[in-house]
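The next block holds one structure in the form of structure tokens; read it before the comments.
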Amino acid sequence: MQRLILITAAIVAVSAALASQTAANTTQSVSMTFAEPVHPSARECPGFPDAACGSGEVIPLGQSTETLQFGGGCGGSCDLRTINLADGSLILEETVTDPTCPHVCRPGPLELGRGTANDVVIGGTGMYEGATGELTGTIIAAISNERPAGTSIVQLSGTIHYDP
């Protein structure tokens, strides 16, 4: 009888451990939209003009702020986007493809009219420490033919994986 109790207790302990590990792994579809003001508040963004800052929402994770460091990722060959949420941050490396310019393309990351963003989640902080994933979307710059001057719009969607 004592042996049966020990075996049952061991099975319950192993099952509980496996269940908690399974619950800890979260893969989630997300969509996010950020507004990044360009003038005049952009100058308040740390690192401007080599950075952009904005705010928006990550569905279903909540309201957020974000920063984009131009040339801050991929050893300098892509941008680094940090998304700050209530429970931590997500860190993404971002590459823009298919860029267009509204008039004459001048050097500078703020001159983009529109582009396709391809982001790789390379980590995070807090609840999102060690996060991974991939997102794609569009960036429509404040100076594009599609937007009045003043605010760029960033829209991304995809899947992230983290262990809360």
Legend entry - The lone exception for Met32 - which of (1) farther than 15 Å from Glu94 by Cβ; (2) surrounded by 14 or more Cβ atoms within 10 Å (Cβ to Cβ); (3) modelled with pLDDT of 95 or more; (4) not hydroxyl-bearing (Ser, Thr, Tyr) it fails: (1)
Inset, instruction - Kindly indicate whether Gly71 is more than 15 Å from Phe34 (Cα to Cα), among the small types (Gly, Ala, Ser), in a strand (DSSP E or B) and modelled with pLDDT of 95 or more. - result: no
Inset, instruction - From Asp79, Asp87, grab the single residue that is more than 24 Å from Thr26 (Cβ to Cβ), modelled with pLDDT of 90 or more and touching a strand residue (DSSP E or B) at 6+ places or on another chain (Cβ under 9 Å). - result: Asp79
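Limited to the range 26-48, what total is found for residues that are out of contact with any Pro (no Cβ under 8 Å at 6 or more places or on another chain) and more than 15 Å from Asp119 (Cα to Cα)?
Residues flagged as out of contact with any Pro (no Cβ under 8 Å at 6 or more places or on another chain) and more than 15 Å from Asp119 (Cα to Cα) within the range 26-48 amount to 14.
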Inset, instruction - Could you identify the single residue in Glu129, Glu57 that is part of a loop (DSSP other than H, G, I, E, B), surrounded by fewer than 20 Cβ atoms within 10 Å (Cβ to Cβ), at pLDDT 90 or above and at negative phi? - result: Glu129
Legend entry - Every residue from the range 74-102 that is free of Cβ contacts under 8 Å to residues at least 40 places away in the same chain and part of a loop (DSSP other than H, G, I, E, B): Ser77, Ala86, Cys101
Inset, instruction - Looking for whichever is modelled with pLDDT under 95 and surrounded by fewer than 20 Cβ atoms within 10 Å (Cβ to Cβ) here; the options are Ala142, Ala149. Which one fits? - result: Ala149
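The values are calculated or read from the model by the stated rules, or taken from the named source; none is laboratory data. All figures in this text were calculated on a predicted structure; none of them were measured in a lab. A quick note on method: Cβ atoms are made from the backbone with ideal geometry, for glycine too, and the neighbour counts reach across all protein chains shown.
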